[in-house]
């Protein structure tokens, strides 16, 4: 559940594990304890010991261990350089729900990972990531984004647990970037090419996005995806994951990078500009949260809000269905 | 309303304007936006544009602007070096309610302006400013105030939206200041002279005070104001405005200065001692607020509390009448 | 009552006094006031004066002092280098309830006093002090405590307003300390000796503990106290007092020291190691409080929790009886 303290660690086999960070005895945090040679965790207040799946295996000075002596364990899966945790009932954990993110271990790309903490609700970050019209103004200095982003309206389609957003930006008078954009982001762009972007955004806040520079004549009339056989002029990928901490705090994980052939220098440049751009987002979103704290209310939506509105709807429905499940299962 | 975020800016004609600091779209603060050449404000999140009276004039990538797309505007008037804002309905804004404060632009005085932020409710500052008996102890080091202030009881009269406080302090054994008071404040004071002070204190917390040193024989028997034709030996003026931010925070604006003929040096001295004195008030009032936070309750009033009690009553009545108005007008 | 602001001072006779730290007039803290030559306290906002028992003795500029003008006074007693305050009705203050603590003024011991502030509820500190099984792990580095502490179960007996805890630790294979324990704490310990400890823990959180190193053959079969006539090989005393500030803050007073013949150097060493050990407690207890803030709940008790459970029960009963008293007496 949101707001719960979690301890992550690797067991004796190096496998990632998650326990509630709260000894069942006196509620001291297990993360102040110690990982023993047998992969067990020992609380360093009164020294109860727990197996990596949460069972209490020792109480000093006491032979009998009561059934109630355990800490909740959560399912964890390590993929794409990230740990994916299922905070609900272990039996409902479904690894097939983990999206096909791309991490530093993927040889196709040179991905650089990062992390930021937000003093903002995760849905404000979702709103930001499901509507790129903000690129023109928030990121003109970092990404060198042109005004095309605010004028274009992408195609937004509902998918399972989220939305799919695709857009083409480019052509003779609609370049996605300004002349002073970083070199690595201008790579391949010209009046004869366009940027094709497609991303899935999944609950609670996971983005996996492919961007390709393509000859503009390959843009289909319906602005749909290009033929899969086409080899792009340039390609980048980014994986991003917004994790709610509590009502007003979120943790934002991301990885960004170009395809392998672009080389380390381009990867470095993209990573630096990404960090700068994300700090621009953080500044405006945290300011937005402070205003909402002062005065909440009903927003006036624009035609650019199709993505945010659909994503909020997806999350409302998932929350509703999970709440119903919990009531039923008790 | 108290607690609302406000953005102040000058439009293309240099006129001061006030908008709610909250874009109607996503609630980003407009104060992080940009003032355009046409005097419009552009939000720098998704770039909606607003006229200086709050109408949305542009939504990028969208032709139709919904009626709901506006931010509330407030009436603002610039006088005495201050901006006076009417936080209610524009149609009820009445410029004749702005009191005759004296600011740095008044040639009769050399006024120096300042500002302090308080971690205290505005009424605690009102209590302070409507009862000068605290001068003897809080300000003996700064203003060099004598014990006369605590012993004297001023004449307090109810006026429209506030109170009028007048007092005479002085004579052979009742000097308003100690021997070590700053020179500029001792100017003209002697056993043969007295200090006459009159100030209006108006809701929510505006003080405009004239102080004059006069020959003591000009003090009327009823301790009323001196004959208006009399030329004083020395004169100072101060304007002060307590602005509630929220329940426990206030912003305090002030200007203080002697008449023009006293010269810059005296004005500087008076300003320095005023800032010192106001920091003494801030220290005791914020301490008072912390105690009240721990343990509120009913105060024991003294005979020096005529001013504070009347001023609180004025404010209670105004709040009641405005609340009634709001209910009626809905 | 918990959470009330209190001002402690010495009157004209040097006697410790306690007044509510809140002038009855405008609630300015009296602790920002001044102690006058006559032992009265003058508030330095509007200068009301109060006798050391709380009566208002002067209001500047006013002859009559209303009956309501007083601040509550509390009974205070100075003993063992500490001030013992009775926060209830003065008439119910019973000095016989002050426990026989040992302070720096006691010639039998070289006591060094100290103080720590905790961001934790006082009962979490009580839990810590009524169950020494945590010594083995929390204090292995400071006190050099061995694993015997976690394995031994002391004798816990209910006494008036608290519990009495006694234990023997020692013998050939159960040394109370590791080889690297500080020298002063190892003094007299050997395979032929044992540590005898007895302490009373009284509400709300007062510990007075005698520790003696004795020949192991003097340990009675029932592990009860040794014969009173026996002269120990080494002896220390500690007095500790946990004072609730509010629901999540406590102030912890302590004094620790060896008997006089051990000398200053041993006393210094014991004091330094005590401060280190208490900072270890503070770290784990404040972490525990933070976890509880995130997620309270029902703890799983162990057989080492006899002391904590009994002490909590003592406090529950006292709170209940005092609450009943208050209702009756109104």
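The values are calculated or read from the model by the stated rules, or taken from the named source; none is laboratory data. These figures come from a predicted structure and were not determined experimentally. So basically every Cβ, Gly included, is an ideal-geometry build from the backbone, and we count neighbours across all protein chains shown.
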Condition met for residue B:211 (buried (at least 16 other Cβ atoms within 10 Å of the Cβ) and in a strand (DSSP E or B)): yes
Here is a list: A:297, A:307. Which entry is outside any loop (DSSP other than H, G, I, E, B) and within 28 Å of residue B:60 (Cβ to Cβ)? A:307
Can you work out which of the residues in region A:273-297 that are surrounded by fewer than 17 Cβ atoms within 10 Å (Cβ to Cβ), in contact with a strand residue (DSSP E or B) (Cβ under 9 Å, 6 or more places away or on another chain) and at pLDDT 95 or above is nearest to residue B:48 (Cα to Cα)? A:286
Inspect region C:196-206 for any residue being on the phi > 0 side of the Ramachandran plot, surrounded by fewer than 20 Cβ atoms within 10 Å (Cβ to Cβ) and in a loop (DSSP other than H, G, I, E, B) and give the result as yes or no. no
Taking residue B:244 and the conditions (1) buried (at least 22 other Cβ atoms within 10 Å of the Cβ); (2) closer than 30 Å to residue B:115 by Cβ, which numbered condition does it fall short on, given that it satisfies the others? (1)
Those residues of region C:249-264 which are part of a helix (DSSP H, G or I) and in contact (Cβ under 8 Å) with a residue 60 or more places away in the chain amount to C:260, C:262, C:263, C:264
Quick one: is residue A:193 buried (at least 19 other Cβ atoms within 10 Å of the Cβ), touching a strand residue (DSSP E or B) at 6+ places or on another chain (Cβ under 9 Å) and over 30 Å from residue A:87 (Cα atoms)? yes
Residues (touching a residue at least 40 places away in the same chain (Cβ under 8 Å) and surrounded by fewer than 17 Cβ atoms within 10 Å (Cβ to Cβ)) located in region A:173-186: A:183
Tell me, yes or no, whether region B:231-254 has at least one residue that is over 21 Å from residue B:85 (Cα atoms) and at pLDDT below 95. yes
If residue B:300 passes every condition in (1) touching a residue at least 40 places away in the same chain (Cβ under 8 Å); (2) surrounded by 14 or more Cβ atoms within 10 Å (Cβ to Cβ) but one, which one does it miss? (1)
Qualifying positions in region A:142-171 - surrounded by fewer than 22 Cβ atoms within 10 Å (Cβ to Cβ), over 22 Å from residue B:62 (Cα atoms), touching a residue at least 40 places away in the same chain (Cβ under 8 Å) and out of contact with any strand residue (DSSP E or B) (no Cβ under 6 Å at 6 or more places or on another chain): A:142, A:158, A:159
Condition first: within 10 Å of chain A (Cβ to nearest Cβ) and either touching a residue at least 60 places away in the same chain (Cβ under 8 Å) or closer than 15 Å to residue A:59 by Cβ (or both). Now tell me which residues in region C:277-288 satisfy that. C:280, C:281, C:284, C:285, C:288
Region A:9-37 - residue that is closer than 14 Å to residue A:72 by Cβ and in a strand (DSSP E or B) and, of those, farthest from the other protein chains (Cβ to nearest Cβ): A:17
Only one of C:319, C:291 that is free of Cβ contacts under 8 Å to residues at least 40 places away in the same chain, more than 14 Å from every other protein chain (Cβ to nearest Cβ), part of a helix (DSSP H, G or I) and out of contact with any helix residue (DSSP H, G or I) (no Cβ under 8 Å at 6 or more places or on another chain): C:319
Would it be correct to say that residue C:270 is under 25 Å from residue C:154 (Cβ atoms), at pLDDT 95 or above, touching a helix residue (DSSP H, G or I) at 6+ places or on another chain (Cβ under 6 Å) and within 14 Å of chain A (Cβ to nearest Cβ)? no
Criterion: touching a residue at least 60 places away in the same chain (Cβ under 8 Å), under 22 Å from the mean Cα position of the chain (by Cα) and on the phi > 0 side of the Ramachandran plot - qualifying residue of A:81, A:103: A:81
Only one of (1) under 17 Å from the mean Cα position of the chain (by Cα); (2) over 29 Å from residue A:245 (Cβ atoms); (3) surrounded by fewer than 20 Cβ atoms within 10 Å (Cβ to Cβ) fails for residue C:256. Which number is that? (3)
